Structures are given as C-alpha cells and as structure tokens.
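Worksheet: the structure to be examined is printed underneath.
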Amino acid sequence: MRFMLLLTVCLLGLSMRSGSLAAERDSLPNIVLIFIDDMGYGDIGPFGNTKVKTPHLDTFAAEGMKFTSFYATPVCSMSRTCLMTGCYNARVSVPGVLFPNSKIGLHPDEITLAEILKQKGYATTCIGKWHLGHHQPFLPTKQGFDTYFGIPYSNDMAIDPQSARFAKDCVFREGMTEEKARQGSIRNTVPLMRGVEVVEYPADQATLTERYTAEAVKFIQAQKEQPFFLYLPHTMVHGPLAASERFRGKSGQGLLGDAIEELDWSVGQIMHTLKDLQLDNKTLVIFTSDNGAAAGSSAPWRGKKGTNYEGGVREPCLMRWPGRIPAGTSCSQIAGNIDLLPTFAKLVGAELPKNRVLDGRDISSLLFDPKAGPVRDTHLYFAANQSLAAIRQADWKLFLTTPAPKGKAKPGKGAKNADSETGAGPVLYNLATDPAETTNVASMHPEIVAKLQAEAAQRLAEIQEHRRPVGQFTGGE
Ligand SMILES: [Ca+2]
C-alpha cells in the first residue's frame, strides 16, 4: 500500500513536471530571422522605394513594427558576427570580410544566437549564406544549428580547392568535376553545402532564393510540435545578381528589382506557411539586411555599403508578432543586430553567458511599446579593419577617422563644407537636423566633440581589455 502510494506520488510528480515542460514549450515563441545580403534602406516599399513592388513586405510592415534606426555594419562577416554573438566584431576579433583562403572564423567558443535558443530546446536551422568561416570547425552545425543548407561565403567568391568536402552524390554543373574543382578556383562559382559537405558545385545561383524558401517552408512544417529558430540569410541581393525564371525581367527595374521582388515573394511564402499552420501569433518574424546597399539604394541616407555613413550601416528592419508587437507602428530608437541575441534570450527566458562581456542590449521593451524610451543611447561604428570609425550618442555622430575611403562616398547632397570631411580634424553631424550627414558642425560644438572623443576612448579601451580571439584553423574537425 505504502509502495503504491509512493508510486502514485512519483508518477503524479512526473506528469506534473512533463506538463509544465509542455506548457513552457508551448509559451516559447518561434523565431524567424530573414537576413538579406547588401539590401539598402531605400530598396523596399516600407522604407520609401516606389519602383520595386514589395507587397508582402508592405503587409509585413502594416502588421508589425518598422525600425528606422537599426544598425548593422559596413560589410558582411562583421555584420553576421554582431548578429550571432551580440558583440561588436572588434570584441571577438572578426575582420570585415572572410575569403575562401581565410584560415580564420568566428571562434567555436563564442556562444551564438542558435546556442542561446538551444538551451530551451529550440530546433534550429541556418538556410543561406553563413560567412563566419568555411572550415569545418566554424560551420553553422558547429555553432548551434541542427542543420545547414547554403553557401559558406559571398556568391562572388570561389571554392577553396583544398578544403572542400564533396558529398558522394555532389552535383557538378557546367562541366565541372571534382578534379577540376581541386585545381583552382573561379570567381562567382561557389559551393552549395548541406551540413558540412558540398552538394552542388558551382551553385545554381538563379534558383537559390527559390530553393532556400522551399527548404525554409519544409522546416517550419516539420517543427509544428516544438519551438523553432529559422535563420534565413539570403544570398541575394549580393552580386552577381540572379533571379529565377519566374522573376527574371519582370520587375522593370533590372536584375536587382527582379531579385528583390523574388525575395518579397519568399517573405510571402513564409508568412503564408505560418498563417496556414496557425503559428502566426506565436512567431516573431524579423526582416533586415547585413549592410547598406551595394547595387541598390540606401536613400535617404548618405553613402553605401563599405562606409560608416548611415547609408552603409542603417538597415531596413521589420518585426512582426501579432498580438505582441503593435501593428503598423514605427520605432526610431537606436537598435541594431547586436541587440537580437540578448533580446531573444529575454523573450525565451534563456540565460546569457556570464563569463564574457556582450555589447547588445535587450530591446524587447521597444518591440512591445512604440513609445518606449531608449534602451541604449550610444552606438559604435567599427570599420572593416576593426578600428573604431565613429560613435553616435543620441543625435550626435562623431567620426573618429576619415568618414569613408576615398571615392566611396560622394559629399552629401547640398554639402556645405565637404572638404573638411576628408581632411584632418573631427567630423561631427547632428542626425536630427542633418540626417543625410551633409554638414560638419565640429567647429561649432567643440564640447560635444570632446565629450564623444572621451566616451569613444573609454569604450574602445574596455573592448580592447576584454577582447576575445578569432578562431584559427589549424586543420582537422
Ligand atoms: Ca553583405
């Protein structure tokens, strides 16, 4: 009798425990993060583009929140570093762009977004361009993603002939063979990978958006029973531009317009799938880009990809979560992709790593209340060489180095004193009164210049003190 009682108590306890685990699992939001390559602020309808048709993104914005001061970085790898680690790239020593001959990658000891969500049992996948190291120890499946399908770096690069690991049934296209692939590399021909192996070489770039989308939809459909994190870093609209037959020549805005309209279609497919499975109200969807426009438009900002003018780093960003994020709203507070890791951790109740410094902040208050005050009023702009290029505090932005490499950014429209921006001396802009960064007002506000210089020096010193190493590839797994 006593034994039965004990057994009953134990079983009851077990079922309550599994019941509360199920309840917790049920309350965890799914997260879909669509990360476009090289899309500028002015490339889509919700951010002012009137030429390219983006009906699904327009709906997305109407149903969610638009962020108008959302920061990434000037180029690819450093941006993905910020996104994945919640840290400025300089803190984790990742340079602007990794190449097929790079022997480095994001350090395997870094704790990524996916690893944070893994704490809570999320199913995770990365579909698209990784660009945080193509050697085996750096691949997405070694950084918290259950599965990976995509290209390891930019689509204008080439294969690393030594390290590529071809799957037994790898599809070789365009007369390519494994032997030929091992002999050398050709620009604009990149490997398509599944897991840690190359499954297609060269990747058929015109069909990537379509195939990533199919893969993403399949993933969502398979994860109905558990919370999931879908990271979808598209290959487009990085050059060489490509679009599938259905979209090629259809936008009337060249291949770039075609590729953007296909990305918009892709967003529609994902939204449709979430609605269809009634996952809408429990899924946070984010749409943003890794850096300013390359071929497209960063309007109304000055500069493009590669610069630390706003046009190089301020991104279109939309977030949607019906019932939680107020529909049709806009947020102008400073935020950025470094804030997503701490924000996701907060939303799912996961712990942040305690043994390291993070730069991002939990911005969930901004998501849920369009009138919320600033979470952080300061943003640091790093350059591809990991030096600190500029600092923004509230509306003031001070360049600590020459704003842009020569020839990278023309003086802003109506620039009054363009010469002072490329010569010696500080360059200060007021983003509230001069959002297009046309007029250097450093000489009028020496006290602001001094304050920002001191703040930047202090923050840089802290980062240098707590700097962590980049991953070095020395061979093996
Ligand atoms: Ca990019």
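Structure notes:
- Whichever residue in segment 53-82 is more than 12 Å from the ligand (Cβ to nearest atom) and either small (Gly, Ala, Ser) or assigned to a loop (DSSP other than H, G, I, E, B) (or both) and, among such residues, is most open to solvent (accessible area, probe 1.4 Å): Lys53
- Evaluated against (1) open to solvent by 10 Å² or more (accessible area, probe 1.4 Å); (2) modelled with pLDDT of 95 or more; (3) not in a helix (DSSP H, G or I), Asn155 falls short on exactly one condition, (1).
- Residue ID - farthest from the chain's Cα centre (by Cα), chosen from residues in segment 260-295 that are within 12 Å of Ile44 (Cβ to Cβ) and within 16 Å of the ligand (Cβ to nearest atom): Ile260
Each row is one residue, and each column tells you yes or no for (1) open to solvent by less than 10 Å² (accessible area, probe 1.4 Å); (2) hydrophobic (A, V, I, L, M, F, W, C); (3) under 24 Å from Ser79 (Cβ atoms).
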residue: Ile270; (1), (2), (3): yes, yes, yes
residue: Asp280; (1), (2), (3): no, no, no
residue: Thr288; (1), (2), (3): yes, no, yes
residue: Gly292; (1), (2), (3): yes, no, yes
residue: Thr307; (1), (2), (3): yes, no, yes
residue: Leu318; (1), (2), (3): yes, yes, yes
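- Index of the failed condition, Val237 passing every other in (1) more than 15 Å from the ligand (Cβ to nearest atom); (2) touching a Leu at 6+ places or on another chain (Cβ under 8 Å): (1)
- Pairing each residue of segment 351-371 that is closer than 22 Å to Ala461 by Cβ and open to solvent by less than 60 Å² (accessible area, probe 1.4 Å) with any residue that is modelled with pLDDT under 95 and not in a helix (DSSP H, G or I), provided the two are 6+ apart or on different chains, yields no C-beta distance under 8 Å.
- Filter result for the condition that a residue is touching a residue at least 60 places away in the same chain (Cβ under 8 Å), away from the ligand (no atom under 15 Å from the Cβ) and in a loop (DSSP other than H, G, I, E, B), over Ser244, Ser298, Ser330, Ser251: Ser251
- Within segment 347-362, the set of residues being of a type outside the set (A, V, I, L, M, F, W, C) and within 20 Å of Ser79 (Cα to Cα) comprises Arg356, Asp359, Gly360, Arg361, Asp362.
- For segment 86-127, filtering for residues that are buried (at least 22 other Cβ atoms within 10 Å of the Cβ) and either among the polar types (S, T, N, Q) or in a strand (DSSP E or B) (or both) leaves 7.
- Tally, over segment 83-110, of residues that are small (Gly, Ala, Ser), touching a strand residue (DSSP E or B) at 6+ places or on another chain (Cβ under 8 Å) and within 16 Å of the ligand (Cβ to nearest atom): 0
- Within segment 170-198, residues that are touching a residue at least 60 places away in the same chain (Cβ under 8 Å) and farther than 18 Å from Tyr212 by Cβ have Cβ atoms under 6 Å from residues that are surrounded by 15 or more Cβ atoms within 10 Å (Cβ to Cβ) and of a type in the set (Gly, Ala, Ser) in these pairs: Ser185/Ala158, counting only partners at least 6 apart in sequence or on another chain.
- Summed over segment 137-151, residues that are open to solvent by 20 Å² or more (accessible area, probe 1.4 Å) and in a helix (DSSP H, G or I) total 3.
- Test: Asp169 is among the charged types (D, E, K, R) and in a loop (DSSP other than H, G, I, E, B): no
- Selection within segment 437-477: residues that are acidic (Asp, Glu) and in a loop (DSSP other than H, G, I, E, B). The member of this set that is surrounded by the most Cβ atoms within 10 Å (Cβ to Cβ) is Glu437.
The values are calculated or read from the model by the stated rules, or taken from the named source; none is laboratory data. Quick caveat, the model's predicted, so the values are computed rather than measured. So basically every Cβ, Gly included, is an ideal-geometry build from the backbone, and we count neighbours across all protein chains shown. Each accessible area value is taken on the protein alone, full model and side chains, heavy atoms only, with ligands, DNA and RNA left out. Shrake-Rupley method; radii C 1.70, N 1.55, O 1.52, S 1.80 Å.
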